[in-house]
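Below is one structure, written out as structure tokens; comments come after it.
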Amino acid sequence: MHVLTAEEMREIERTAMDSGTASDRVLMERAGCGAVATILEEWPDLAPGRVLILCGPGNNGGDGFVVARLLHGLGWTVDLRLLGDPGKLPPDAAANHAAWSALGDVTPLVDGTDKGDPDLIVDALFGTGLTRPVDLPETLGLLRTERRAKVVALDMPSGWCSDSGRRIGARAAEAHLTLAFHAAKRGHVLGDAPEACGMLRVIDIGLPDTGDGVRLVGAPNGLAKAGGHKYAYGHALVLGGGPGKGGAARMTSRAALRVGAGLVTLAVPPAALQENAARLDAVMLSSMRDADALAEMLEDTRLNAVALGPGLGSGGRTRELVRTVLAADRACVLDADALTAFAQAPDDLFGMLHPKAVLTPHGGEFARLFPDLANLMNGPVESGPAFSRLDAAQAAADRAGCTVLLKGPDTVIASPDDVRIHAALYDRSAPGLATAGAGDTLTGFIAGLLARGLDPVEAAGRGAWLLTECALRFGPGLIAEDLPEVLPGVLAELAAHAPG
Ligand SMILES: NC(=O)C1=CN([C@@H]2O[C@H](COP(=O)(O)OP(=O)(O)OC[C@H]3O[C@@H](n4cnc5c(N)ncnc54)[C@H](O)[C@@H]3O)[C@@H](O)[C@H]2O)[C@@H](O)CC1
Ligand SMILES: Nc1ncnc2c1ncn2[C@@H]1O[C@H](COP(=O)(O)OP(=O)(O)O)[C@@H](O)[C@H]1O
Ligand SMILES: [K+]
């Protein structure tokens with residue numbers, strides 16, 4: 001599945017117009033019909049009652065007029081409010097405004113007269129066309145919480161930028177159900193908008209699937225082992241911290257082994273050997289005094305993937321270890337302290353990175369390495385399309401010259417020539433992952449997949465998908481140690497559903 005920008009959506013629509021496949025009017029009618037059908041499908045017990053329909057000055061409002069007409073035909077009592085001047089509606093919205101006006105009233109949105117408590121509210125104020133702050137009514141953001149009605153947003157809850165999922169202006173709507181037309185937009189899976197969308201359903205309006213847009217990471221296949229020696233699945237090296245700091249790297253190591261690396265070695269300073277020896281079995285343990293010792297270890301080319309950062313400390317020793325790993329030209333994951341260690345001199349890090357590296361920052365680590373991009377991503381939104389987390393990850397990947405995985409429920413995986421989103425949202429929402437060590441486990445999954453020979457973007461995307469799936473499978477009470485332990489069940493299910 002792919003997600004689109006507003007511009008990509010308009011282009012698909014234009015192409016369909018030019019080829020004569022559909023007209024704007026037909027698409028608007030299909031959008032309205034699909035919306036009504038989906039509302040009734042989602043809430044089969046919703047009997048005809050009162051519906052409040054809020055229409056805006058563009059084609060999103062046009063969809064609202066179609067919904068008004070259709071619900072009226074099904075016996076609903078419609079209270080329709082319009083924002084803006086009906087004389088300025090674009091042609092198809094104007095035509096549907098006229099068709100509705102033959103059936104019922106159009107009240108200005110600013111008219112606060114209450115016409116009864118609605119059972120359903122349809123937000124058709126703004127969709128993909130919102131580009132500047134709009135002074136939306138104060139009550140709009142409260143519809144979901146303060147009214148008993150079901151709230152449905154057409155295309156996008158109004159006030160959100162459909163390219164970035166960021167709020168444009170002071171207020172924005174929240175819905176129980178959002179109905180995206182033709183395809184989900186980036187804003188449905190990025191930023192704060194997904195929470196405001198409630199549930200998301202995509203409505204087919206008869207436009208062709210062009211394959212445009214950014215790919216959403218889906219269930220991986222091909223992870224089952226199929227013969228061969230353990231070295232056929234690679235040997236991951238994880239670098240651990242000093243005494244008492246080893247838990248994070250042990251979790252990373254176990255995750256790398258569970259995801260199928262043939263061998264995993266945890267290398268720690270001599271003083272931490274005993275502690276780790278008492279805690280490890282299948283993961284091998286190695287003593288590594290300093291960066292020179294690491295360079296010597298890496299002469300063994302069977303060590304084909306390295307993970308470093310979790311529990312490593314953010315001082316000069318870590319910078320030396322990062323330098324050594326990058327100089328050895330290995331597939332690698334730099335996480336946590338391996339990133340923070342370069343907070344004072346990110347350019348030093350960027351100068352050494354290469355395409356086999358994956359950086360896995362959370363928001364804080366991202367801001368340390370890319371403060372300007374973090375400001376753009378988190379600063380005030382003046383106009384749309386707003387600078388998104390996807391834009392930030394892409395710019396970071398270009399600057400770093402490697403794959404960057406920006407963590408969150410909306411994880412973005414970007415390389416200089418590819419970008420994907422992993423959405424732990426809607427029916428894959430996994431708030432249980434907000435637990436210490438989930439990121440260390442992700443680092444292990446990615447390192448294990450790199451050891452197995454996957455390219456960085458694939459390894460990062462699959463790692464993020466597996467992490468979420470483990471959390472969903474485990475359910476409430478999740479702690480990070482549980483994640484690798486439920487992975488076998490996830491892998492078994494993937495194998496059972498594998499094509500062919
Ligand atoms: N593109 C397509 O193929 C389809 C689009 N449809 C609908 O059309 C919508 C997009 O329509 P539009 O591009 O007209 O945009 P919208 O209806 O989302 O809103 C933008 C309209 O409001 C104006 N506007 C923008 N910011 C404003 C502000 N701050 N204050 C006042 N007015 C402002 C714009 O000039 C424009 O007229 C989609 O979200 C969807 O609901 C559907 O009818 C199905 C087909
Ligand atoms: N609410 C959430 N929904 C989905 N995924 C989440 C959520 N919170 C955290 N995650 C994921 O869990 C991991 C946490 O990583 P991180 O913040 O580095 O944790 P730690 O440093 O404790 O290991 C990331 O992969 C992140 O995307
Ligand atoms: K809307």
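In the list 200, 190, which residue meets the criterion of being within 18 Å of residue 409 (Cβ to Cβ), modelled with pLDDT of 95 or more, open to solvent by 10 Å² or more (accessible area, probe 1.4 Å) and of a type outside the set (Phe, Trp, Tyr)?
Going through 200, 190 in turn, the sole match is 200.
I'd like to verify a number: residues in the stretch 470-484 that are assigned to a helix (DSSP H, G or I) and in contact (Cβ under 8 Å) with a residue 60 or more places away in the chain, how many?
Within the stretch 470-484, residues that are assigned to a helix (DSSP H, G or I) and in contact (Cβ under 8 Å) with a residue 60 or more places away in the chain number 2.
Out of everything in the stretch 379-415 that is touching a residue at least 40 places away in the same chain (Cβ under 8 Å), part of a helix (DSSP H, G or I) and open to solvent by 30 Å² or more (accessible area, probe 1.4 Å), what residue ends up being farthest from ligand 2 (Cβ to nearest atom)?
Result: 399.
So which residues in the stretch 94-115 are farther than 19 Å from residue 32 by Cα and at pLDDT 85 or above, if there are any at all?
Once the filter is applied, which keeps residues that are farther than 19 Å from residue 32 by Cα and at pLDDT 85 or above, the stretch 94-115 yields 107, 108, 109.
Only residues that are within 12 Å of ligand 3 (Cβ to nearest atom), more than 17 Å from residue 202 (Cβ to Cβ) and hydrophobic (A, V, I, L, M, F, W, C): list them for the stretch 144-159, please.
Of everything in the stretch 144-159, just one residue is within 12 Å of ligand 3 (Cβ to nearest atom), more than 17 Å from residue 202 (Cβ to Cβ) and hydrophobic (A, V, I, L, M, F, W, C), namely 151.
When you look at residue 84, is it closer than 14 Å to residue 154 by Cβ and open to solvent by less than 60 Å² (accessible area, probe 1.4 Å), yes or no?
So residue 84 fails the test.
Among 116, 34, which is away from ligand 1 (no atom under 16 Å from the Cβ), of a type in the set (Gly, Ala, Ser) and touching a strand residue (DSSP E or B) at 6+ places or on another chain (Cβ under 6 Å)?
None of the others qualify; the one that does is 116.
In the stretch 142-159, which residues are of a type in the set (S, T, N, Q) and surrounded by fewer than 24 Cβ atoms within 10 Å (Cβ to Cβ)?
Result: 145, single match.
(1) over 22 Å from residue 191 (Cβ atoms); (2) open to solvent by less than 30 Å² (accessible area, probe 1.4 Å); (3) within 15 Å of ligand 2 (Cβ to nearest atom); (4) more than 15 Å from the chain's Cα centre (by Cα): which one isn't true of residue 450, the others all being true?
(3)
Among 179, 136, which is the only one that is modelled with pLDDT under 95 and open to solvent by less than 20 Å² (accessible area, probe 1.4 Å)?
136
Return the residue satisfying two criteria in turn: it lies in the stretch 303-339 and is in contact with a Lys or Arg (Cβ under 6 Å, 6 or more places away or on another chain) and outside any loop (DSSP other than H, G, I, E, B), and of such residues it is surrounded by the most Cβ atoms within 10 Å (Cβ to Cβ).
306
Between 170, 193, 149, 236, which is in contact with a Phe, Trp or Tyr (Cβ under 9 Å, 6 or more places away or on another chain) and on the phi < 0 side of the Ramachandran plot?
193
Residues 427, 455, 418: which one is surrounded by fewer than 19 Cβ atoms within 10 Å (Cβ to Cβ) and over 27 Å from residue 180 (Cα atoms)?
None of the others qualify; the one that does is 455.
Search the stretch 205-225 for residues being in contact with a Phe, Trp or Tyr (Cβ under 9 Å, 6 or more places away or on another chain) and open to solvent by 30 Å² or more (accessible area, probe 1.4 Å), and hand back the single one that is nearest to residue 451 (Cα to Cα).
Filtering the stretch 205-225 for residues that are in contact with a Phe, Trp or Tyr (Cβ under 9 Å, 6 or more places away or on another chain) and open to solvent by 30 Å² or more (accessible area, probe 1.4 Å), the one nearest to residue 451 (Cα to Cα) comes out as 225.
Restricting to the stretch 160-176, and then to whatever is of a type in the set (A, V, I, L, M) and open to solvent by less than 20 Å² (accessible area, probe 1.4 Å), can you tell me which residue is farthest from ligand 3 (Cβ to nearest atom)?
Step by step, filter the stretch 160-176, then rank; the result is 168.
Give the residue, chosen from 227, 218, 211, that is out of contact with any Ser or Thr (no Cβ under 8 Å at 6 or more places or on another chain) and either charged (D, E, K, R) or free of Cβ contacts under 8 Å to residues at least 40 places away in the same chain (or both).
227
If a residue has to be open to solvent by less than 40 Å² (accessible area, probe 1.4 Å) and either outside the structural domain of residue 332 (by TED's automatic domain parsing) or not in a loop (DSSP other than H, G, I, E, B) (or both) to count, how many in the stretch 226-239 make the cut?
Of the residues in that region, 6 qualify.
Report the residue count in the stretch 186-214 for those that are over 15 Å from residue 422 (Cα atoms) and out of contact with any Gly (no Cβ under 8 Å at 6 or more places or on another chain).
So the answer is 15.
Within the stretch 170-186, how many residues are free of Cβ contacts under 8 Å to residues at least 40 places away in the same chain and either part of a strand (DSSP E or B) or under 24 Å from residue 135 (Cβ atoms) (or both)?
6
Please tell me if residue 280 is open to solvent by less than 30 Å² (accessible area, probe 1.4 Å) and within 24 Å of residue 470 (Cα to Cα).
So residue 280 fits the description; yes.
Among the candidates 339, 312, 285, single out the residue that is in contact with a helix residue (DSSP H, G or I) (Cβ under 9 Å, 6 or more places away or on another chain) and touching a residue at least 40 places away in the same chain (Cβ under 8 Å).
When all the criteria are applied, what remains is 312.
The values are calculated or read from the model by the stated rules, or taken from the named source; none is laboratory data. Owing to the predicted nature of the structure, the values given are computational and were not obtained by experimental measurement. Note: ideal-geometry Cβ built from the backbone for every residue, glycine included; neighbour counts use all protein chains shown. SASA here: full protein model, heavy atoms, side chains in, ligands and nucleic acids out. Shrake-Rupley method; radii C 1.70, N 1.55, O 1.52, S 1.80 Å.
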